[in-house]
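To start, the structure itself, in structure tokens.
The values are calculated or read from the model by the stated rules, or taken from the named source; none is laboratory data. Everything quoted here is computed from the prediction, not taken from an experiment. FYI the Cβ positions are ideal-geometry reconstructions off the backbone, even for glycines, and counts take in every protein chain you see. Side chains included, ligands, DNA and RNA excluded: accessible areas come from the protein's heavy atoms. Shrake-Rupley method; radii C 1.70, N 1.55, O 1.52, S 1.80 Å.
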Amino acid sequence: DTNPTASTRLAKNVDPHPPSCNITAAKHPSSSWTFNKTLSNLIRKNILRFLDPERDISILKGTLKPGDIIHYVFDRQSTTNISENLYRLLPTASPLKNQYHKRCAIVGNSGILLNSSCGPEIDSHDFVIRCNLAPVEEYSQDVGLRTNLVTMNPSVVQRAFQDLISEEWKDRFLQRLRDLSGSVLWIPAFMAKGGEERVEWALRLILVHTVDVRTAFPSLRLLHAVRGYWLTNNVHIKRPTTGLLMYTMATRFCEEIHLYGFWPFPLDPQGRPVKYHYYDTLKYEYTSSSSPHTMPLEFRTLSTLHRQGALRLHTGSCD
Ligand code: CTP
């Protein structure tokens, strides 16, 4: 069903073409907020018409075997094989099976988190989702420590862990994984070509050192299904970001969803500079036209949903 009437009702309030793309158009969401359970239930129901996050969060062991050929989601001409290691680390049941949480936090990686003191508030949620193995220890006051699910794009192995070139980087990577103890490590291994070796190195380390993480590899249909849901709501997203993917999936197993660290703009509402990531020196050029993402459009969509009470965006200090 690609044209649910209930979805289009929500779409009326989501303006994909605001009059100005100026960053000042992104207002600081107000602090008075009440949860709109009816809308949240409606969104969950409509998302379920496109994907089932319980199933699409990961390919399961029974569905593939080592040596099977996979076409990359965004590079259909290119293929990869299911390695022995990847097969061993496929879950046998959905990591989200029978999960239902009252309050979930999704932590994006924007520098808006710095000096927010949001750490304890984030950690108070029943389920905390983080993105791209972002560091927590050194920033715990602002971002918290609790992690129930964390994503890892293959590029993270290169960007944050120097392609594991030395024993020191391997140790750092292993330490980051060990800190996750028992959480879900969600690896989009089949999205774009180029990350095959990096995924393989990471998986080998997990197996050799018997790291206690529950690996998950998103289904091949997830990205298109998520894009389809938002398109039907008139939100034309080129390639959903990790943050939007997490929100879309979290609607399935969370009642109230709180977003922190979502601010894809170089200035805060008071005009002060904001780092692209809270933990590194990556610059905003990265989100420019060459990027496959449309983060400001996603942000405006999330802001609308915040105003409607479907989710809560936290962009200020938690003091
Ligand atoms: N995010 C944001 N504002 C920023 C940086 C990140 O709103 N300045 C949100 C986005 O939703 C993003 C999530 O936080 O998806 C995690 O950040 P990052 O690791 O940079 O996300 P990716 O989407 O994986 O980006 P990339 O494709 O560049 O790896």
Meets criteria (assigned to a strand (DSSP E or B), in contact with a Phe, Trp or Tyr (Cβ under 7 Å, 6 or more places away or on another chain) and open to solvent by less than 30 Å² (accessible area, probe 1.4 Å)) for I70: yes
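Let's see how each residue does on (1) within 11 Å of the ligand (Cβ to nearest atom); (2) without any contact (Cβ under 8 Å) to a residue 12 or more places away in the chain; (3) closer than 29 Å to E197 by Cα; (4) aliphatic (A, V, I, L, M):
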position	(1), (2), (3), (4)
N109	yes, no, yes, no
I112	yes, no, no, yes
S117	no, no, no, no
F127	no, no, no, no
C131	yes, no, yes, no
S140	no, no, no, no
L149	no, no, yes, yes
N153	yes, no, yes, no
F161	no, no, yes, no
Single match in Y260, Y284 (criterion: among the aromatic types (F, W, Y) and more than 8 Å from the ligand (Cβ to nearest atom)): Y260
Any hit, the range 285-292, residues being touching a strand residue (DSSP E or B) at 6+ places or on another chain (Cβ under 9 Å) and either touching a residue at least 24 places away in the same chain (Cβ under 8 Å) or open to solvent by less than 10 Å² (accessible area, probe 1.4 Å) (or both): no
L145 being modelled with pLDDT of 95 or more, closer than 20 Å to S317 by Cα and within 13 Å of the ligand (Cβ to nearest atom): no
Output for the range 220-244, where each listed residue is touching a Ser or Thr at 6+ places or on another chain (Cβ under 7 Å) and more than 13 Å from the ligand (Cβ to nearest atom): G228, Y229, T232, N233, V235
